[in-house]
Every structure is written in structure tokens, then in C-alpha cells.
Amino acid sequence: MKISIKMPTTTDAFNQAVLAQLATVEEQRFLFWQVDQAQQGAVIELIERLDVPFASQADGIALMVKQAALPVLVKWAKQAWPADDELQSSLEALTKETAILWRAGRFTFNVTAHPLVYGILNVTPDSFYDGGRYQATDDVKAHIDQMVKDGADIIEVGGQTTKPGGFVEVSPDEEIKRITPAIEYLKANYPAVAIAVDTYKYPVMQAAVELGVDIINDVNAFLDDDQKLTLLKDSQVGLVTMRSSREHEYENLTVAMKHFFEENLAMLEKAGIDRERVLLDQGIGYSKVADGEQDYDMMRNLDQFNYLKRPMIVAISRKGFGKQLFGLAKDDRLDVTLIAESYMYLHGGRVLRVHDVKETKQLVKMLDTITSGYWQL
């Protein structure tokens, strides 16, 4: 017997639209388990433990499984029929087909199987939350040590803020001077942690690539300087490409965002950058009206981009919505950040860019435990 992805067929246009929506936005996997009738009883007993809809047919069983439940189904099927080579082969193919990979420098991340906690380290005097906290060498090293201890998969070094309400631009040389010690410390002491740099300047990107970083995060989406594309094409660096709407508003935000990401991905691919190297950032906090309604719309609509098959970053840590809704100071926004991150994580945001690594690791573990909490024998 074997399992394969198979969308149910229907001639009804409405049903087709609903099924397509479930398969993309809701990340429902439609499967067909090809099995003879003699074995159907044992297969159905296993499927029922997943609390999913299914229908028995003459040549097998059709079922609908959420992405979070798929690893559970694969594990149980492997354990139940270890000697069935055809089944085992189909399970391996199914796992591979549904995985979303992000290739970033020295690393290939399977964000479907292993979500990422992406720690923020701003070595700046004026970043919106932690500006000025990590400038002395010992403070920078101590903070890196703590983030690694708390479980950060990635640490991003930022040498210039782009916070709402305006910021002071520094020269590329100054930005490079700020970020280099932290990058070198990470490389020397924590080779298992990916290194990211947050910059929109070509000279800084060039220096970062030469220093051996794994990821470049550009708030300008790599659109403003063709030199960036040439540089990154010839590297293996992962890209975080962010959509900013500080210059204009939208009549239909979701449609505009879909167009932006589709065009941005096409532009990067045309430049010779493999799609698997790209991670998408909605740009929450980068609206024309800072901390306005667009931010909540973007928190809600994250799952509308699952069809692009690229990882989505959740980048809302301690941002201004906490002040806008509840009047909270920056140091008091952790709780509302974790609540909003939980919603976005459950809707497809598998990379969480945060100031608070320890608490975010707890969030991920708790939610993953719940979403995989099916009936055990």
C-alpha cells in the first residue's frame, strides 16, 4: 500500500474553490491511502486517532490532514507497517513533497519540521526597543551568550535602525564597524548558530558576505540597487525580503501584497537567486501610518501567502501595537507580543524574529505539543 497527495475531484466550481483554499491557506493536505479492503480496518483505526475527516473507497481511503498532523500520521504509519517497502517509500516522498526548505549560507533549514527562533541583536544607540543596551563589547558578548543558551537558531546583528518615526542614517563604514565584532564573536564561538545581518546598504552587505554571514535582511527587498543582486547571486547567503508600505496606502492590502511578493520572487529568480534561499517578511510596523490598522490586517492575513511555498517570518517583537492598543511601554509588551506571535505561528509563520528568545522557545514548544497532541496508544 502507499499514500500520496491527491486533491478530491469535483465538477462544482464552488467546491473546487473551497478545496483549493483549504489546500493553500489552511494548509490541509488531501491524501489518498491506497490499500486493499482486507487492510482497511487497521488503516481506519489509525486514521481515527487523528480526528480527521476520511472516506472509505473500494481501492483505498481518502482523508484530509492538517499540515501539523502530517508528521504524526507518517510516524504512526512507519511504526505500524515497517516491512511495507512501498508504503515506507511513499511516506518518505510525502514528507519531502510537503517540506518548505530555506537555504541560508551554511544551513538548510526545514522550517516545516523545525521552526526557527531568530534572535535580534541591535548594536545601535537608537533602535526602538534595545537601542544603547548592547554597545560595549562585554555587553554584546554576554547577550549573544544568553540568546544561544536560550535556544536561538539565528542571531541577527543590526548596525542601524529603521524604526518608525524617523531614524539617523549612518555611513556604511560606521555600520560595518558596529557589526563586525559581534559577527566575529559568533563565528568563533557558536558555529551551529546562523548569523544574519540587518542592512539595506550594498557596502555593508558586501562586508557581511566577506565576513561569512548566512543571511541578509533587507527592508528594501533588494529592489534599490542591482549591485546587491549580483553580489548575492554569487553567494549562498539566505535573503529576507521585506515589503514596506511607508510611502503609500492600499485599497486592497492582501492583493497588493500578493502581487508584491510574486513580483519580488520573480525578480530575484531572474537575477539568478534560487527561490529556496528566500524568506518573506510582510513588513509589519512599516506602514504609512505607524502602528495602524494595516499591522493587524497583516497579522491576520499571513496565511494568504502559504501558496507561495516560502517561509514567512513573524517580525512583530515588542512593536508599537502594544502601545496603540494597551498603552504599554516597550518593556511591558512581551505578553501581547507572544499572543500575536501565537496567532501568526499557527497560521504559517514558522520563523519568529524576536528580542525574547527564551519565552519564544517556550511558545513554540507549547504550540507544537498541542498541535501534535493526538491519541497515543
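Projecting the Cα atoms of 176, 231, 194 onto the charge dipole of segment 160-249 (Cβ charges, centred on the Cα centre) puts 194 farthest toward the positive pole. Show me the helices of the chain, taken as full DSSP H stretches, that run 24 Å or more along their long axis by Cα and average 0.0 or above in Kyte-Doolittle hydropathy. Sorted by number, the helices that extend far enough and score high enough are 253-270.
Here are some pairs, 66/358; 228/323; 6/270; 309/361; 66/361; which of them have Cα atoms lying more than 26 Å apart in this structure? Could the numbers behind the result be given before it?
Numbers: 66/358 28 Å; 228/323 36 Å; 6/270 31 Å; 309/361 24 Å; 66/361 22 Å.
Pairs exceeding 26 Å: 66/358; 228/323; 6/270.
What is the ratio of the Cα radius of gyration of segment 54-154 to 2.2 N^0.38 Å, with N the residue count, to two decimals?
Values: Rg = 21.9 Å, N = 101, 2.2 N^0.38 = 12.7 Å.
Computed over Cα atoms of segment 54-154, the ratio equals 1.72.
Ignoring everything except DSSP H segments at least 4 long, calculate the 222 nm mean residue ellipticity for the chain; use -39,500 (n - 2.57) per segment, divide by total residues, nearest 500.
Working: 13 runs with 159 residues, N = 377.
Rounded to the nearest 500, the figure is -13000 deg cm²/dmol.
For the residue pairs 78/365; 78/233; 177/319; 201/258, the C-alpha atoms sit more than 31 angstrom apart in 78/233.
Between 76, 343, 311, the Cα set farthest toward the positive side of the dipole of the chain (charges on each charged residue's Cβ, about the Cα centre) is that of 76. Positive end of the dipole of the chain (Cβ unit charges, origin at the Cα centre): among 298, 24, 61, the Cα lying farthest that way belongs to 61.
Here the Kirkwood formula puts the hydrodynamic radius of segment 274-337 at 12.9 Å, using every distinct Cα pair. Each part reduced to its alpha carbon centroid, segment 61-90 and segment 153-213 end up 43 Å apart.
Skip the ligands, DNA and RNA, and give the accessible area per residue of segment 300-364 with a 1.4 Å probe, whole Å². Let's see the in-between values first.
Numbers: 2560 Å² over 65 residues.
Spelled out: the 1.4 Å probe surface of segment 300-364, per residue, equals 39 Å².
Based on Cα contacts under 8 Å between residues 6+ apart, the chain shows a relative contact order of 16 percent.
The peptide list 112-124, 53-65, put in order of mean Cβ contacts within 10 Å with the highest first, becomes 112-124, 53-65.
How many percent of the accessible area of segment 196-335 is carbon or sulfur, using a 1.4 Å probe? Using a 1.4 Å probe with all protein chains present, segment 196-335 comes out at 47 percent carbon and sulfur. Rg ratio for segment 210-293: its Cα radius of gyration over 2.2 N^0.38 Å, N being its residue count, equals 1.15. For segment 1-104, the relative contact order is 31 percent, taking Cα pairs closer than 8 Å that sit 6 or more residues apart in sequence and dividing their mean separation by the residue count.
The values are calculated or read from the model by the stated rules, or taken from the named source; none is laboratory data. The model shown is predicted, which means the values in this text are computed figures rather than measured ones. Neighbour counts run over all protein chains shown; Cβ positions are idealised from the backbone, glycine included. Keep in mind that these areas ignore ligands, DNA and RNA; they rest on the heavy atoms of the full protein, side chains included. Shrake-Rupley method; radii C 1.70, N 1.55, O 1.52, S 1.80 Å.
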